[in-house]
Amino acid sequence: HRERFDNLPEECSHLYLAAENRLQAVICIEDPLRAEAAEVISNLRALGLKRIVMMTGDNEHTAAAIAKKVGIGEYFSEVLPEDKAEFVRKETEKGNKVIMIGDGINDSPALSAANVGIAISDGAEIAREIADAADDLHELVKLKRLSNLLMKRIHRNYRAIVGINAGLIAFGVAGVFMPATSALLHNISTLVISLQDMRNLLDDAE
């Protein structure tokens, strides 16, 4: 019995059953990881997320085992709902952009306090009401990719528009282009950039 007790699975929360001051049984409760969790976390890091934190109401040894499994170095165990919300508020006050992902009633205050709250769609109804819903964690990777590509497109367009307009102004001042010609070229360049922006963002990654 001692050997079995010493080898209880670390990823489970343990409930101890005693009778007459003697331990009679240990009930292991497991909240299984989503199959895609470790891969998604790795992909999000590769896409530029600087800090990924796990907060859970589970005890320390369970939290440590889960964090190790999914590749998270920073975690907090035995936290209350208000602790999660306070952590999120402090990070936003520092100027950090916070995405909170949760699936239960206990996550609702933190989901509400985050810049972006994402509730897993098979979680508690109140969490889904407060936050945007996601069926699959892979959707977070797609969302981050789209965000990165959109910002890349915005910066590219800004440089192109400023460069073209500066050139047209310079040629206009120098008398190379007539005002009507500059206006025509400006409108053509705007149309071309707009047509390019109608492409699917994910096509830029291919």
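Amide H contacts of residue 101 (H built 1.01 Å from N, in plane; Pro and chain starts excluded): 118 sit under 5 Å, all sequence-distant by 5 or more or on other chains.
Which value in nm describes the separation of the simple spin-label points at residue 60 and residue 37, placed 7 Å from the Cα toward the beta carbon? Here the modelled spin labels are 2.0 nm apart. Evaluate the distance, in nm, between pseudo-label points positioned 7 Å from the Cα of residue 14 and of residue 170 along their respective Cα→Cβ axes. Going from the residue 14 label point to the residue 170 one covers 7.3 nm. The amide H of residue 76, built 1.01 Å from its N in the peptide plane, has 54, 55, 56 as neighbours under 5 Å, considering only residues 5 or more places off or on other chains. Residue-wise HN-Hα couplings along the stretch 187-201, as the Karplus relation 6.51 cos²θ - 1.76 cosθ + 1.60 with θ = phi - 60° gives them from phi, are 5, 5, 5, 5, 5, 4, 5, 4, 5, 5, 6, 7, 5, 4, 4 Hz; Gly and Pro carry x.
For the stretch 9-51, carbon and sulfur atoms together expose 51% of the accessible surface, with a 1.4 angstrom probe and every protein chain in place.
The trypsin sites (Lys or Arg not before Pro) of the stretch 30-106 meeting both criteria, a DSSP state outside H, G, I, E and B (loop) and at most 15 other C-beta atoms within 10 angstrom of the site's C-beta, are 34, 50, 51, 94, 97.
The values are calculated or read from the model by the stated rules, or taken from the named source; none is laboratory data. None of these values were measured; they are calculated from a predicted model. A quick note on method: Cβ atoms are made from the backbone with ideal geometry, for glycine too, and the neighbour counts reach across all protein chains shown. Just so you know, the surface numbers come from the protein's heavy atoms only, side chains and all, with ligands and any DNA or RNA stripped out. Shrake-Rupley method; radii C 1.70, N 1.55, O 1.52, S 1.80 Å.
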